[in-house]
């Protein structure tokens, strides 16, 4: 049933609010890129229907009621008012069609993740705890083929073959993060950018890196994966901050 709180009559209201909060905080952190980049969240069992930001709307203005409900199997969805641009549905439609565990997908050109994607070696070594989060859990796309229209989106989706790997460093492009919920995915996006920043700044010193051994890096990654409720508490706190500031994100 549609949720009619806040004067709305829209389906998936709780999910809309969570996704709107993620957009707002991504803008707050400067991880967006003007009116480009896209987040999406599947709302049906097979992932063919998903919420997504309207085309060319700044992340800092997006409200829960602004989000579009897209049907990846219905081309007419892509022609309505404020329909997402072809690169948005090309990439996110492919992810939701072909990667069942990717209920949420967040793609952006955040600075440090994009710097990492611009290096000839885009691996992220385990030099601190945040970097360990992603130890052996990153897909690196080394075959950038231009804007993410449908064919390029299908190619990117095909790289998510290992369910442990939920971050794609899109070589020469940016980053794509997937997860089961908005909270999980945004938390992963946030900490990946932090980890990439630590690594890039460490490289800038020109000093040798203190790289953790495999057993400690893998142990730390597993411990962080099992850490209870950190992602949901993170998003809850961000929503509380937005609400305290009088933000209209949940309208």
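One table, with the values for the structure above:
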item	result
Extreme residue, surrounded by the most Cβ atoms within 10 Å (Cβ to Cβ), among residues of the stretch 94-110 that are within 14 Å of the chain's Cα centre (by Cα) and assigned to a helix (DSSP H, G or I)	96
Residue satisfying condition, being surrounded by 12 or more Cβ atoms within 10 Å (Cβ to Cβ) and out of contact with any helix residue (DSSP H, G or I) (no Cβ under 9 Å at 6 or more places or on another chain), within set 224, 212, 176, 203	203
Residues of the stretch 216-229 satisfying the condition of being more than 18 Å from residue 178 (Cβ to Cβ) and modelled with pLDDT under 95	226, 227, 228, 229
Selection count where residues are within 19 Å of residue 220 (Cβ to Cβ) and in contact with a strand residue (DSSP E or B) (Cβ under 6 Å, 6 or more places away or on another chain), scope the stretch 135-183	4
Subset of the stretch 130-158 [buried (at least 16 other Cβ atoms within 10 Å of the Cβ), assigned to a loop (DSSP other than H, G, I, E, B) and at pLDDT 95 or above]	133, 134, 135, 137
Condition check for residue 127: under 30 Å from residue 213 (Cα atoms) and outside any helix (DSSP H, G or I)	yes
Residue among 118, 110, 60 that is over 25 Å from residue 213 (Cβ atoms), out of contact with any helix residue (DSSP H, G or I) (no Cβ under 7 Å at 6 or more places or on another chain) and modelled with pLDDT of 95 or more	118
The stretch 3-21, subset over 20 Å from residue 103 (Cα atoms) and assigned to a loop (DSSP other than H, G, I, E, B), residue modelled with the lowest pLDDT	4
Qualifying residue in the stretch 228-240 (condition: more than 30 Å from residue 62 (Cα to Cα), in a helix (DSSP H, G or I) and without any contact (Cβ under 8 Å) to a residue 12 or more places away in the chain)	no
Any hit, the stretch 180-191, residues being surrounded by 20 or more Cβ atoms within 10 Å (Cβ to Cβ) and part of a loop (DSSP other than H, G, I, E, B)	no
Within the stretch 198-217, tally of residues that are part of a loop (DSSP other than H, G, I, E, B) and without any contact (Cβ under 8 Å) to a residue 60 or more places away in the chain	4
Residues (buried (at least 18 other Cβ atoms within 10 Å of the Cβ), in a strand (DSSP E or B) and modelled with pLDDT of 90 or more) located in the stretch 66-93	68
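The values are calculated or read from the model by the stated rules, or taken from the named source; none is laboratory data. Only a predicted model underlies this, so the values are computations on that prediction, with no experimental measurement involved. Reconstructed Cβ throughout: ideal geometry from the backbone, glycine too, with neighbour counts over all protein chains shown.
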